[in-house]
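Before any comments, here is the structure.
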Amino acid sequence: MSAMLENFRNHGNGRQATRKATGRGRGDRPRKGPWPSGLYGPVAPTLSRLSPRVFFVLVTLPLLLLTVDASAQEPFYKGKTMTIIVGTKAGDVYDLYARAIAQYLPKHIPGNPNIIAQNVTGAGSLIAANHVYNLGKPDGLTIGAIFPALYFDQLSARPEVKFDWTKFNWLGSPVVSNHFMYMRSDTPYKTIDDVRNAKEPPKCGSTGTASTGYYMPKLVEELIGAKFNIITGYQAGGDVDLAAERGEIVCRSFTITAYFAREPFFTWRKKGFVHEIFQTGKKRDPRLPNVPNVYELMNTYKTSEAGRRLATVILAAGNVGRPYVTPPGVPADRLKLLRDAFTKTMNDPEFKAEAVKRKLELHPVSGEELEALAKEVIDTPPEVVARMQKLLGK
Amino acid sequence: MAELLVMGDAFAKGFWQVLAWPAFGYMLLGIAIGFWVGLLPGIGGLATLALMLPFSYTIKTPIEAFCFLLGMLAVTGTTGDLTSILFGIPGEGSSAALVLDGYPMSKKGEAGRALGAAITSSLVGALIGAFSLALSIPIMRPLVLLFGSPEMFIIAIMGVTFIGTLAGASLLKGLLAGGIGLMLAAIGVDPQTGSLRYTFGQLYLWDRLDIIPVVVGLFAIPEIVDLAVRGTSIAGSRPEKLSGVMEGVKDTFRHFWLVMRCSLIGVYFGVLPVLGANVAQWISYAHAVQGLKDKSRAGQGAVEGVLGPGAANNSTRGGDLIPTVAFGIPGSGSMALLLGALLIVGLNPGPEMLKTHLNVTFAMVWVLIFANIIVAGLCFLVLNHLAALTFIRGSLLIPFLVLLISVGSFTANNSFNDLVATLIFGVLGYFMVLYGWPRPPLILGLILGKIAENYLWISTAAYGAKWLLFPTVLILIALTVFTVAYPTIKERMGKAKYERPEDAI
């Protein structure tokens, strides 16, 4: 497959490619202009004008090349060093994923490049996203690991956003991150219905308005008319959990993954200290089979169409998970190669075993799916954006 | 009784697990790395822990993993103090308070005494921290739960009142510097409404000012400029021999109760989430100079000013571990990373650590003890070589120092802006020294401003105004008023004439 792609880069010039494949070529591989845009784009209409001989070579060449030893080629990535720009500090969960991927991805890229992870931190990975989009060369050597909800900022037309979410090239995501809310069991709020009917809303803790601890409960407020008293300003998620132990707050919304990965939640579930009152995945998480998801709640409480659109735009971030992107303009063949490599890595038994060992949940999403999601959210009509901005306090 | 036996057993088991091979080897490796990390200015334990994390994946058992990581973290506090004393440049963010009296001691040619005092007090502090961790095991959970957001707010305010003590000669300048610090703490995205404050279109400022570039800029750059201007070595033209190390060791025991109190301050701030060594060092420094009979010695090389923060920044390590072990909730940034590493090797810190894995908890105590004893011994061995650096001509030393502080600042966010921030605060620091403005209040204001703001907001949002009448809050308010009024009371009582400490830098 890789040999085929490599030869296709020779602008479909069959003779030159054949020479090269047999080792007699001059080796001056044309570097200007990516091949696929050439083939499918302006070149395609001219295909019919090609002489039958050239056409024959073009069609049969791929088949022939499959039998040619790949080592006769110099894969683009051989001897190269790729960089994954990670939007968080070293040691953060995003960083742990990125470093695991940096270790196993090279195995699945022809030429086995070296991959290093570099942390470009700040502004909730907005700095990293701007960095990758504007400073990363479109040569397929730069990958970004950024937050999935950055499109909120683009929709809000924040001047700091220096990228177009739809123009990123999406490689994939190792995991979707659906959210849920825990509620202390010694409160009167047994179900989301109790929250709707309560005179005094439950106090939920969060770190800030940009965190899911803030906007997930806000979204549920908007959709089904439940009320939460959201207290912001805790330093970290752990501090919110401590506040829950203390009784300062009684609920918090965060990822299902973390809830099943570490303390204090093991103990909490064992002792029945908390229960879960809603979740955000399209389907109920198998580990939370009795907890209604937001979509079911929207049906129950007859949420309006505009409300549903709002839910789509905000919950899309969870389906984007922890995405990996390249700058726009990467040659399509190289993008395909990277996407394939990403998918192969996600299915690599060794990588899976390592992920289990490192307590990194895997639930991969393909680059194509992410691309579609990106287009969908940026397409949000202005009135929904206005509601979203209000909800996010922006 | 049976419980005591179980604990005793786990205590002994932990001891042997740490001494077993290869765990002990990993600890030595950790100590070797931590030794240099501490010495090199700016490069902190937190950043290094993050770098070392991938290496810990290859380690098989939890005990070996934290022998390596905790061993490394445990010693940075001690060796960081050495850099602060010798060069006037904080080796770690949490060693900055040692610059105030430690560096003047070096300039007076008393580097040996200061180093001896710092190492011994660090050791004592670390041991107190380790024992507090061990002793608090039965009461850990209620201890951590005692401090809610309203209590944290009052404690932050108590910290702010120490600005007066840290102000030195001019109370007004000190208060103003503290105010500037509080204002700088407002920079960034505010967590309550998400609005941007003082960010001037710079994404770098969204996440608030990082403490490392500020500390390095304020303290290191003025000293480097000063060294360049003087054109001599740090110790001037004093005789090239290091004397008085034993004197420093004896100082620790002369002021034993001060060291004990400051160690307990460290433990206390370690237990409180968010505060930690960065605050504890200043509070204990303030406490130490407040107790000076002759206030004019503060900032002029009083050994008490070395002993206090020296002990406190080490004892916080033990305190830090308490919420981590009791709840599986990290008490600081470095603990969060440690927790991540432990998860990977299959240990899940949390309530289980007090029951089925009690021996692991005690093994942590032992790592703290062993690592600190070993590093103290190591420091005494290399002390002469380190102190010899203060006799090197400034022009040879300066390029290295500039390189090190640049690398150190850069590790804060891996951003070029870290260097810009360092330079800006360097210039500010230079003029502050030139015109006799104290720098510690600014740092304290910067650290506490954010904490005070957030906890005030949370307290009010969660409890309305009711929190003001919580018994714990009332006790803490009384304690704060007492600390503020104490010097005046003492003066009124006529026991000792109170003078403001002179020129605490």
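Computed quantities for the displayed model
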| read-out | value |
| --- | --- |
| Size of electric dipole in segment A:179-316: Cβ of Lys, Arg +1 and of Asp, Glu -1, about Cα centre, debye, nearest 20 | 300 |
| Ranking of B:LEU386, A:LEU219, A:LEU362 by count of other Cβ atoms within 10 Å, fewest first | A:LEU362, B:LEU386, A:LEU219 |
| Antiparallel content of DSSP bridges confined to the protein assembly as shown, in %, to 5 | 55 |
| Centroid-to-centroid separation of segment A:366-394 and segment B:284-306 [C-alpha atoms, Å] | 59 |
| Too-long pairs where the Cα-Cα distance tops 29 Å, listed order kept, from B:LYS173/B:LYS490; A:LYS89/A:LYS357; B:LYS107/B:LYS173; A:LYS137/B:LYS450 | A:LYS137/B:LYS450 |
| Spin-label model distance (nm) - B:TRP21 vs B:GLU247, 7 Å beyond Cα toward Cβ | 4.5 |
| Net +/- balance of residues flanking B:GLY45 in space, Cβ distance below 10 Å, scoring K and R +1, D and E -1 | 0 |
| Pairs of Lys in segment A:179-316 closer than 20 Å at Cα, counting only those 8 or more apart or on different chains | 16 |
| Net charge dipole size for the protein assembly as shown [Lys, Arg +1 and Asp, Glu -1 on Cβ; Debye, nearest 20] | 1360 |
| Cα-Cα separations in the protein assembly as shown greater than 55 Å, expressed as whole percent | 17 |
| Charge-dipole axis of the protein assembly as shown as Lys and Arg at +1 and Asp and Glu at -1 on Cβ define it, positive-most pick from B:VAL365, B:THR488, B:LEU396 | B:LEU396 |
| All aspartates and glutamates inside 15 Å of A:LYS107 as judged from Cα atoms, apart from same-chain residues fewer than 8 positions distant | A:ASP340, A:ASP348, A:GLU350, A:GLU354 |
| Straight-distance crosslink candidates among aspartates and glutamates, where the alpha carbon sits under 16 Å from A:LYS167 and sequence neighbours closer than 8 are dropped | A:ASP139, A:ASP153, A:GLU368, A:GLU369, A:GLU371, A:GLU376, A:ASP379 |
| Cysteines without a disulfide-compatible partner [the protein assembly as shown; Cβ-Cβ under 4.7 Å] | B:CYS67, B:CYS262, B:CYS379 |
| Total formal charge among the other residues, if their Cβ is under 11 angstrom from that of B:ARG197, Lys/Arg +1 and Asp/Glu -1 | -1 |
| Among B:PRO62, B:PRO41, B:GLY109 - extreme Cα towards positive end, dipole of segment B:1-129, charges at beta-carbon | B:GLY109 |
| Between segment A:326-364 and segment B:407-437, the Cα center-to-center distance that results, in Å | 41 |
| Segment B:2-493 - charge dipole about Cα centre, Lys and Arg +1 at Cβ, Asp and Glu -1, debye rounded to 20 | 740 |
| Under-5 Å amide H pairs with A:ILE231, H placed in peptide plane, nonlocal only | A:CYS204, A:GLY205, A:SER206 |
| Among beta bridges that DSSP assigns inside segment A:179-316, antiparallel share in %, nearest 5 | 65 |
| Ranked list, fewest to most other Cβ atoms within 10 Å of each Cβ, for A:THR326, B:THR161 | B:THR161, A:THR326 |
| Dipole of segment B:2-493, positive direction: furthest Cα of B:MET140, B:SER315, B:PRO273, with charges on the beta-carbon | B:SER315 |
| Around A:ALA261: net Lys/Arg minus Asp/Glu count, Cβ-Cβ under 10 Å | 0 |
| 5 Å-binned pair-distance histogram of segment A:179-316 (Cα, whole percent) | 2, 10, 22, 25, 22, 13, 5, 1, 0 |
| Centre separation in Å (Cα based) which lies between segment A:219-250 and segment B:34-108 | 36 |
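Each reported figure results from applying straightforward, stated rules to the coordinates on display, with no laboratory input. All values reported here derive from a predicted model rather than from experimental measurement. Because the Cβ atoms are built from the backbone with ideal geometry, glycine has one as well, and the counts that use them run over all protein chains shown.
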